[in-house]
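What follows is one structure encoded as structure tokens, with my remarks underneath.
Derivation of every value follows stated rules applied to the coordinates shown; laboratory data play no part. Please read these numbers as outputs of a predicted model, since none were measured by experiment. Every residue, glycine among them, receives a Cβ derived from its backbone with ideal geometry; neighbour counts consider all protein chains shown.
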Amino acid sequence: MPPCLAPAVEVLPDAPAVARRAAALLTEALCDPQGAPTGLATGRTMEPVYGALVDRLRADGRFDPQGWCSFNLDEYVGLPPEDPRSFRAYMEHHLGRPLGLPPQVLQLPDGAAPDPAVEARRYGAAVRRRGLGLQLLGLGSNGHVGFNEPPCEMAVPCRVVQLSDSTRRQNAGAFGDDPGQVPALAITLGLAEILAARELLLVVLGAGKAGVLRRALQEPADAQLPASWLQGHPQVRVLADQEAAALLA
Ligand code: GLP
């Protein structure tokens with residue numbers, strides 16, 4: 001993959017402006033009847049994005065809940081779909097119920113599958129079979145995308161991963177602020193499936209991500225910062241608020 005030295009970065013004044021812009025781009029992807037499935041993400045960053053997306057889709061005459069097809073990036077291992085802390089529950093809460101989506105059109109790995117490694121292979125194969133159009137991404141504080149924790153090479157496929165202590169701390173909010181309650185394992189799409197998407201949309205909010213965003217975009221791509229592999233994608237767009245973009249040259 002040729003290096004793309006200047007991913008398009010759109011800096012917007014604040015989180016609501018970023019959310020509206022991301023929602024506009026997602027709406028075009030989700031309302032295109034010929035479009036490939038959309039790749040979706042979870043996390044606090046996506047909450048305003050999905051809020052804006054729900055408003056926008058409800059107002060868009062092209063939106064057809066029956067035509068929805070999406071694949072999420074990841075899921076915790078060990079949490080059944082009905083567990084409110086699962087990413088499945090997050091997606092049903094933020095998109096499925098508000099939009100009246102039919103059951104099962106929001107596709108995620110099954111965190112309660114009896115053999116997570118088998119489930120990861122099944123899910124990765126399903127994503128590769130369909131291919132992704134627009135892939136929405138957040139940015140972990142340690143540079144992870146999906147749950148691809150550093151170090152992570154760019155060719156890795158969907159698999160079971162061990163979550164780092166810093167990620168378990170970052171995500172402890174949904175687990176009573178106790179990192180020890182955050183599952184130690186997750187199933188995540190790999191950089192292989194993510195980089196195979198036609199278009200990538202990285203959304204980054206807040207001063208806390210400014211340093212890692214600068215490194216991801218402006219330092220040589222490296223396994224120690226998985227998001228830096230996005231530099232090699234021919235169509236990557238970054239949406240950042242002013243705080244997150246503060247350290248970009
Ligand atoms: C999580 C998810 C990622 C997400 C990232 C950032 O752990 N697995 O897909 O983008 O970390 O999360 P947040 O938006 O809450 O900062």
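What to note about this one:
- Subset of the stretch 51-90 [under 30 Å from Val160 (Cβ atoms), of a type in the set (Phe, Trp, Tyr) and in contact with a helix residue (DSSP H, G or I) (Cβ under 9 Å, 6 or more places away or on another chain)]: Trp68, Phe71, Tyr76, Tyr90
- Test for Arg21: is it in contact (Cβ under 8 Å) with a residue 60 or more places away in the chain, more than 18 Å from Leu134 (Cα to Cα) and under 17 Å from the mean Cα position of the chain (by Cα): no
- The residue that is surrounded by the fewest Cβ atoms within 10 Å (Cβ to Cβ), among those in the stretch 64-118 that are within 16 Å of the ligand (Cβ to nearest atom) and more than 21 Å from Arg168 (Cα to Cα), is His93.
- Qualifying positions in the stretch 88-126 - farther than 30 Å from Ala59 by Cβ, part of a helix (DSSP H, G or I) and out of contact with any Pro (no Cβ under 7 Å at 6 or more places or on another chain): Pro116, Ala117, Val118, Arg121, Arg122, Ala125, Ala126
- Gly61 vs. criteria within 16 Å of the chain's Cα centre (by Cα) and surrounded by fewer than 21 Cβ atoms within 10 Å (Cβ to Cβ): no
- Within the stretch 27-49, the set of residues being under 20 Å from Glu10 (Cβ atoms) and more than 15 Å from the ligand (Cβ to nearest atom) comprises Thr27, Glu28, Ala29, Leu30.
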